[in-house]
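Heads up, the thing below is written out as structure tokens.
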Amino acid sequence: VNEAFNEGGGEVWVADGLYVDSSTYTVVLMKENVMMYGGFSGTEKTKAARDWNTYASIIDAQNTRRGVTGSNNATIDGFTITNGRAAGTHGYETSPESSGSMGFGAGMLLDAVNTTVANCLFTANLAIGGNGATNSVGSAGYMGGDGSGGAIYINNASPTIVGCSFINNQSIGGMGGN
């Protein structure tokens, strides 16, 4: 992702497998103008040949951190985002150096960005102190009420979300899970 960003953007094709990162607060920090596509076996010659249902590219936050943080003009397509955890009472901060803990967006945080999220499965993500899936500005009312997001937290953002599934995401102390 960083290499594509440093080159001004581009596509990153991700093979099936389990992806974790214990060195940061977020497993995947998306970058502007970088499109991430999962579901490759490693032998495909075209993006159309991938199959994210058979060759799962899994971002596993290990119940200790957020799965993904979005960025402008970025895409994440064909991933499973699981075991994200966001807990806290101090609102949300976007850097690991912040003094409070992050209670918003366990699976994914979309804060003032226009990320495209397609063909992703959000499962077993937990936000403590808010809602299961939410949109604080009301532009996509189907996402739920105001608060935290177990699957996705959307704040002052204009994401495109298509073909995604939400299974067993939840919040404690808020309004809803899936």
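Can you list residues whose amide H is under 5 Å from Met36's amide H, if they're 5+ apart or on another chain and H is modeled 1.01 Å from N?
Amide H to amide H, under 5 Å and 5 or more residues apart or across chains, Met36 pairs with Val12, Thr75, Ile76, Asp77.
Give the accessible area for Glu32 in Å² (nearest 10); use a 1.4 Å probe, count only protein heavy atoms, and leave out ligands, DNA and RNA.
My reading of the accessible area for Glu32 is about 80 Å².
In sequence order, what are the phi-derived ³J(HN,Hα) couplings for the stretch 54-65 according to the Karplus relation 6.51 cos²θ - 1.76 cosθ + 1.60 with θ = phi - 60°, rounded to whole Hz, with x for glycine and proline?
8, 10, 6, 9, 10, 9, 10, 8, 6, 6, 10, 7
May I ask you to evaluate 6.51 cos²θ - 1.76 cosθ + 1.60, the Karplus curve with θ = phi - 60°, for each residue of the stretch 71-78 and list the ³J(HN,Hα) values in order in whole Hz, giving x for glycine and proline?
Values, residue by residue: 8, 5, 6, 10, 10, 10, 9, x Hz.
Students often check this: by mean Cβ neighbours within 10 Å, which of 55-65, 150-160 ranks highest, and how do the rest follow?
Top of the packing list down: 150-160, 55-65.
How much accessible surface does Phe5 have with a 1.4 Å probe, in Å² rounded to 10?
Surface open to solvent at Phe5 totals about 90 Å².
The values are calculated or read from the model by the stated rules, or taken from the named source; none is laboratory data. This is a predicted model, so every value here is computed, not measured. In this analysis, Cβ positions are derived from the backbone assuming ideal geometry, glycine residues included, and neighbour counts consider all displayed protein chains. To get the accessible areas, we keep the full protein, side chains included, count just its heavy atoms, and leave off ligands, DNA and RNA. Shrake-Rupley method; radii C 1.70, N 1.55, O 1.52, S 1.80 Å.
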